[in-house]
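Structure first, commentary second.
Coordinate-derived values only; no laboratory data. Keep in mind it's a predicted model, so treat the numbers as computed, not measured. All Cβ positions, even for glycine, are placed from backbone atoms using ideal geometry, and neighbour counts span all protein chains on display.
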């Protein structure tokens, strides 16, 4: 059995997870959670050796947050302001970057070929 895949704005917090090895059942918060840069996963808290992965939740992208907010998801609506603020900051930073010449005392990095 493979892990259940959830998008961030799905109801993964309330879904009942079941371990295919030992039969444990519980909600996301009762499982062993691992956090990574683009997702988090839940493993069986009862299986000691090589616990099976029960579920995977991908973190929302800005586009997914906007879409979920448009559809009325309350969590996405709350997060939307931060997404828009982050986008405005990126536009400002990209517009102000003039290249390496604007940095005083720093030279543009040079990568020599290894022989």
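Things to note:
- Spin-label pair residue 32/residue 47, simplified geometry with 7 Å Cα→Cβ offset, distance in nm: 1.0
- Residue order, fewest to most surrounding Cβ atoms within 10 angstrom, among 6, 111: 111, 6
- Contact order normalised by residue count of region 4-58, Cα under 8 Å, 6+ apart, percent: 37
- For the chain, the 222 nm mean residue ellipticity estimated from helices alone, with every DSSP H stretch of n ≥ 4 adding -39500 (n - 2.57) and the total spread over all residues, rounds to -9000 deg cm²/dmol.
- In this rough spin-label picture, where each label sits 7 Å from Cα along the Cβ direction, the residue 77-residue 39 distance is 3.0 nm.
- Per-peptide packing, taken as the mean over residues of other Cβ atoms within 10 Å, places 52-61, 66-75, 31-40, 87-96 in the sequence 52-61, 66-75, 31-40, 87-96 from highest down.
- Förster-model FRET efficiency, 25 Å R0, residue 10 and residue 89, C-beta, rounded to 0.05: 0.30
- Shape call, the chain: gyration tensor on alpha carbons, a/c limit 1.5: oblate
- On the beta carbon distance between residue 61 and residue 112, with R0 = 41 Å, the FRET formula returns roughly 0.65.
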